[in-house]
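S.K.: Sharing a structure here in structure tokens format.
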Amino acid sequence: MTSDSLVPAAAPLLSPIRRRSFFRYAGATAGTAALVLAGCNKQDAAPGLVAVGRGDAGILNYAYALEQLEAAFYTQVRGSGYYLGLPPGGAEQLALSDLYYHEIIHRDFLRTAIIAAGATPIKALKPDFSSITFTDRASVLGAAKAFEDLGVAAYNGVGQYISSPAYLLLAGKIVSVEARHAALIRDLLADGTFVGNDVLTLAEGTSLERSRTPADVASAANAFLADGSKLDVSGIM
């Protein structure tokens with residue numbers, strides 16, 4: 001294990017990645033185009049919640065919060081008994097490592113974009129992964145499936161609130177990566193099950209990906225965030 005592989009479960013989700021690793025995996029990001037944000041005015045959070053803000057700045061922070069959560073999850077996976085018990089350098093271990101690096105890059109990229117645009121990133125959130133058994137493959141991959149499916153549905157659902165064409169393009173690129181993550185995790189759980197009617201409207205004959213509102217996504221994400229780090233996304237709807 002390298003020193004950037006692990007952070008304690010109670011530590012903030014924002015754990016920096018080494019410079020060399022950042023550039024090695026930078027291709028996993030959606031791009032580095034400059035963003036022009038609208039509606040950067042601040043929003044007061046409800047008591048005990050973290051407000052992501054309003055407008056495109058709020059949407060960036062919303063995405064940043066979800067990427068913090070995913071990055072923290074895969075960081076903890078890489079130190080888990082399940083991961084360390086896999087054949088070193090085997091396909092499953094390498095796949096999980098790739099997802100770890102992708103989510104770290106997404107998280108760091110979004111934070112950088114928020115600052116570059118003159119907005120303020122939300123704080124480093126603290127996770128609560130107490131419902132996940134990190135020594136058990138089914139528990140870890142089941143949680144990974146939930147996080148990846150949630151991320152895809154979140155980007156799909158927030159698109160209607162985006163005003164900047166540059167940010168809409170960026171979100172589309174990131175969600176395409178997240179969808180590939182979701183398909184990979186599903187295939188690890190059961191070979192050949194990379195997609196299903198729970199994420200696509202197959203029964204309706206459209207094959208469109210399902211979306212979830214920011215409020216619905218925040219409710220799901222808050223189950224994995226500690227008190228004081230739970231999200232208030234009311235400003236972007």
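S.K.: Answer with yes or no whether GLY48 is surrounded by fewer than 24 Cβ atoms within 10 Å (Cβ to Cβ) and either in contact (Cβ under 8 Å) with a residue 12 or more places away in the chain or out of contact with any strand residue (DSSP E or B) (no Cβ under 7 Å at 6 or more places or on another chain) (or both).
M.R.: Details: surrounded by fewer than 24 Cβ atoms within 10 Å (Cβ to Cβ): yes; either in contact (Cβ under 8 Å) with a residue 12 or more places away in the chain or out of contact with any strand residue (DSSP E or B) (no Cβ under 7 Å at 6 or more places or on another chain) (or both): yes.
For GLY48, the condition - surrounded by fewer than 24 Cβ atoms within 10 Å (Cβ to Cβ) and either in contact (Cβ under 8 Å) with a residue 12 or more places away in the chain or out of contact with any strand residue (DSSP E or B) (no Cβ under 7 Å at 6 or more places or on another chain) (or both) - is met.
S.K.: Could you grab me the full set of residues in segment 109-119 that are in contact (Cβ under 8 Å) with a residue 40 or more places away in the chain and over 14 Å from LEU66 (Cβ atoms)? I'd like the intermediate steps shown before the answer.
M.R.: Taking segment 109-119 as the starting set, the residues that turn out to be in contact (Cβ under 8 Å) with a residue 40 or more places away in the chain are 109-111, 113-114, 116-119.
Once the filter is applied, which keeps residues that are in contact (Cβ under 8 Å) with a residue 40 or more places away in the chain and over 14 Å from LEU66 (Cβ atoms), segment 109-119 yields ALA113, ALA116, ALA117, GLY118, ALA119.
S.K.: Related question: Among the residues of segment 84-103, write down those that are farther than 18 Å from ALA146 by Cα and touching a helix residue (DSSP H, G or I) at 6+ places or on another chain (Cβ under 6 Å).
M.R.: Within segment 84-103, LEU86 is the sole residue that qualifies.
S.K.: Inside segment 157-176, can you point out the residues that are modelled with pLDDT of 90 or more, within 17 Å of the chain's Cα centre (by Cα) and crowded, with 20+ Cβ neighbours inside 10 Å?
M.R.: Within segment 157-176, VAL158, ILE174 qualify.
S.K.: Just name the residue that is nearest to GLY172 (Cα to Cα) out of those in segment 120-159 that are among the small types (Gly, Ala, Ser) and touching a His at 6+ places or on another chain (Cβ under 9 Å).
M.R.: First, the residues of segment 120-159 that are among the small types (Gly, Ala, Ser): 124, 130-131, 138-139, 142-144, 146, 151, 153-154, 157, 159.
Imposing the further condition that a residue be touching a His at 6+ places or on another chain (Cβ under 9 Å) reduces the set to 144, 151.
Values: ALA144: 21, GLY151: 12 Å.
Checked segment 120-159; the qualifying residue nearest to GLY172 (Cα to Cα) is GLY151.
S.K.: Taking the conditions exactly as written (modelled with pLDDT under 95, outside any helix (DSSP H, G or I) and out of contact with any strand residue (DSSP E or B) (no Cβ under 7 Å at 6 or more places or on another chain)), does GLY89 satisfy them or not?
M.R.: Yes; evaluated as a whole, the condition is true for this residue.
S.K.: Being out of contact with any strand residue (DSSP E or B) (no Cβ under 9 Å at 6 or more places or on another chain) and assigned to a helix (DSSP H, G or I) is the filter; apply it to segment 51-65 and report the residue that is farthest from GLU103 (Cα to Cα). Give the steps one after another, and end with the answer.
M.R.: To start, the set of residues in segment 51-65 that are out of contact with any strand residue (DSSP E or B) (no Cβ under 9 Å at 6 or more places or on another chain) comprises 53-57, 59-60, 63-64.
Pick out the ones that are also assigned to a helix (DSSP H, G or I) and you get 55-57, 59-60, 63-64.
Numbers: GLY55: 24, ASP56: 21, ALA57: 20, ILE59: 17, LEU60: 15, ALA63: 11, TYR64: 10 Å.
That would be GLY55.
S.K.: For the condition under 27 Å from ASP216 (Cβ atoms) and of a type in the set (D, E, K, R), what is the one hit in GLU92, GLU70?
M.R.: On the way: GLU92 fails: under 27 Å from ASP216 (Cβ atoms).
Result: GLU70 is the single residue among GLU92, GLU70 that is under 27 Å from ASP216 (Cβ atoms) and of a type in the set (D, E, K, R).
S.K.: Oh, and also: Look at SER131 and say whether it is surrounded by fewer than 20 Cβ atoms within 10 Å (Cβ to Cβ), closer than 20 Å to PHE224 by Cα and not basic (Lys, Arg). Steps first, answer last, please.
M.R.: Numbers: surrounded by fewer than 20 Cβ atoms within 10 Å (Cβ to Cβ): yes; closer than 20 Å to PHE224 by Cα: yes; not basic (Lys, Arg): yes.
So SER131 passes the test.
S.K.: Out of all the residues in segment 108-133, which are assigned to a helix (DSSP H, G or I) and among the hydroxyl-bearing types (Ser, Thr, Tyr)?
M.R.: Correct list: THR112 only.
S.K.: If you don't mind, there's one more thing I want to ask. Taking segment 178-220 as the search range and keeping residues that are in contact with a helix residue (DSSP H, G or I) (Cβ under 6 Å, 6 or more places away or on another chain) and small (Gly, Ala, Ser), which one is modelled with the highest pLDDT?
M.R.: ALA220
S.K.: Continuing with the same structure: Could you check segment 143-156 and list, in sequence order, the residues that are within 11 Å of the chain's Cα centre (by Cα) and among the basic types (Lys, Arg)?
M.R.: Matches in segment 143-156: none.
The values are calculated or read from the model by the stated rules, or taken from the named source; none is laboratory data. It should be emphasised that the depicted structure is a prediction, and the values quoted were computed from it without experimental measurement. For neighbour counting, all protein chains shown are included, and Cβ atoms are generated from backbone atoms with ideal geometry for every residue, glycine included.
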